[in-house]
Amino acid sequence: HDCSAAASALGPSATMGPPNEYEELSVEIGNKDLSWEKDDLLTYATTHHGIVKTSNGKIYDYRLDRVLRLGFFRIVSPVLKDGFVVMQALAVMGIAVGICSGLVALDEANVIEVDATLCAMADSVFNYFGALMGFLFGYYVFSAVAQADQCKNFGVGGYMGAGANLMMLTAGWFPESDAQTREFKREVLRLSLSIFALTCGEGAEKPKDEVISEVVARGLLTDSEAKAVKAAQGGHCNVPLIWIQEAYRKKFDMQADDPCVVVRMAKVETLTIQMRGGIGTILSLVSGWGLQPLPLVHMMSGLVKWQFFLLALKEGIAVAFMLEHMPPAAQVSQLTMSALIVFLTPIIFQSLLEVVAQIRNPFGDDWVDYPRLLFHKWVRDEFTTYLFTASEASPNIRVIKKLS
C-alpha cells in the first residue's frame, strides 16, 4: 500500500518502454488502478488511541494531547518487540548475577571483603562514565532528531512549498481553459509529481531501475522520459525539472508580446531551483552524506555497551554487599529494585539508539516513516486545485469580471 508496492506490475503481459528496457514488477495488487490520478492504492485504518494510520501501518497523524498523556501505556513501539533489545537486557542481568555470585563466593571464602568502600568505588566509576555518555548520547540523539526535522521541513516542505507556489502562479498566468493550456498544466503537474516519486524511491534506497519502472507504471513518466532519467548518472530525480523549465519557456514564447514574460520566466527559474534545493536536502540527509561521523557512532555504540557492563558491575557489587550485610527484609526490596534497574536501563538506552536508526531515513519501511502515497495525494490535490479548479473559475469571479 505504499510506493514500494503501489506501482507494481500491471501483469505478466505489461510492457513499460521498449523490450528489455525495464524489468517488469511482479507484485499483485488485484484490480486497483495504478494511475497517479487515482487513489485506489491509498486506504486508511481506524484511529486508535490518538494514532491515525494508513492501511499499511504508516502513521500520518496523531492527537498530541492523547499521546503525551497516555501514549506511553497505549502505543507499543516495535522497539519493544525487538528480540535483540530484550536479549541484551537479559545479558546484562546475567552478567550482574555472575558478578554477584562470584563476589559472594569469594567473600564467603574470606578471599575479599565486599564492603561499603567497594560499593562506593563502583558507583563513582559508573557515575563518571555516565556523565560522559549522557552528554554524548544527548548530542547524538538530538542531532538525529534535528536532521529528521530538517528533512521534513526544508526537504519535503521545500519541494512542496516551491512547487505549490509555481502552480499557483501558473494558474494566474494561464487561466484559459483551451485544450492546449489544460494539457500544458497537466504535463507540468505530472512531471512535478514524478520528481517526488523518484525521490521517494531513491530515499528508500531501492534499485534505480525498479524505481523508474514503478514511476512509469503509475503514469508519471513516459517511456522516452524514463529512458532519459535512467541514463542520468547523477541527479536523476531532478531531471524532470529541466523539462518543466523548458515547457514554461516554450509556453512563454507564444506570448512574446507580453511585457511580463521575462519576469515570469525568472520566477519559474527561481522556484524550480528551490524545488531542486528541497530534493537535494532530502537526498543528502538520507544518503551517506547525512550520516553522523563514523567515529562518533562507533564510540557511542562502545560507550553504551561499556555503560551496560558498569551497570551490571555496580548492581552486582551492591547486591553482593546486601546479601552479606543486610537483613532479609532489606534484601527483598533492594534485590527487586536492582533487578528492575538492570533490566529496564538497557532497554531504554537501546530503544533510543533504535529510534535514531528509525528516524534517520523517513522513506523506509519503519512504522514512523512517511506515508508516501498520502503525501502524493496531498501535493497532487493542492496543485490540481490551483491549476484547474481555481484557475478556470477565475473568469466567473465577480471582481475579475468587473476588471475585464
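Looking only at the stretch 162-199, filter to residues that are outside any helix (DSSP H, G or I) and in contact (Cβ under 8 Å) with a residue 12 or more places away in the chain; which one of those is surrounded by the fewest Cβ atoms within 10 Å (Cβ to Cβ)?
Here the answer is 177.
Kindly list the number of the only condition in (1) under 23 Å from residue 186 (Cβ atoms); (2) surrounded by 13 or more Cβ atoms within 10 Å (Cβ to Cβ) that fails for residue 296.
Condition (1) is where residue 296 drops out.
Does residue 302 qualify as being open to solvent by 20 Å² or more (accessible area, probe 1.4 Å) and touching a residue at least 24 places away in the same chain (Cβ under 8 Å)?
Judged against the criteria, residue 302 is not a match.
Could you list, in sequence order, all residues of the stretch 359-396 that are among the polar types (S, T, N, Q) and touching a residue at least 60 places away in the same chain (Cβ under 8 Å)?
Within the stretch 359-396, 361, 384, 391, 394 meet the criteria.
Taking the stretch 225-262, which residues are small (Gly, Ala, Ser), in a helix (DSSP H, G or I) and without any contact (Cβ under 8 Å) to a residue 40 or more places away in the chain?
Selection gives 228, 231.
Contact list please: Cβ distance under 6 Å, first residue in the stretch 117-133 and over 12 Å from residue 304 (Cα atoms), second residue open to solvent by less than 60 Å² (accessible area, probe 1.4 Å) and of a type in the set (Phe, Trp, Tyr), pairs at least six apart or on different chains.
The qualifying pairs are 119/321.
Residues 247, 312, 318: which one is within 30 Å of residue 113 (Cα to Cα) and open to solvent by 20 Å² or more (accessible area, probe 1.4 Å)?
After applying the criteria, what remains is 318.
Being outside any helix (DSSP H, G or I) and open to solvent by 60 Å² or more (accessible area, probe 1.4 Å) is the filter here, so list the residues in the stretch 113-148 that pass it. I'd like the intermediate steps shown before the answer.
Going residue by residue through the stretch 113-148, those that are outside any helix (DSSP H, G or I) are 113-115.
Of everything in the stretch 113-148, just one residue is outside any helix (DSSP H, G or I) and open to solvent by 60 Å² or more (accessible area, probe 1.4 Å), namely 113.
Take residue 274 and tell me if it is surrounded by fewer than 20 Cβ atoms within 10 Å (Cβ to Cβ), within 24 Å of residue 156 (Cα to Cα) and in contact with a Ser or Thr (Cβ under 7 Å, 6 or more places away or on another chain). Can you show your working first?
Details: surrounded by fewer than 20 Cβ atoms within 10 Å (Cβ to Cβ): yes; within 24 Å of residue 156 (Cα to Cα): yes; in contact with a Ser or Thr (Cβ under 7 Å, 6 or more places away or on another chain): no.
Considered against the rule, which asks whether it is surrounded by fewer than 20 Cβ atoms within 10 Å (Cβ to Cβ), within 24 Å of residue 156 (Cα to Cα) and in contact with a Ser or Thr (Cβ under 7 Å, 6 or more places away or on another chain), residue 274 comes out as no.
The values are calculated or read from the model by the stated rules, or taken from the named source; none is laboratory data. All values reported here derive from a predicted model rather than from experimental measurement. Positions of Cβ are backbone-derived with ideal geometry, glycine not excepted, and every protein chain shown enters the neighbour counts. Heavy atoms of the whole protein, side chains included, go into the accessibility calculation; ligands, DNA and RNA do not. Shrake-Rupley method; radii C 1.70, N 1.55, O 1.52, S 1.80 Å.
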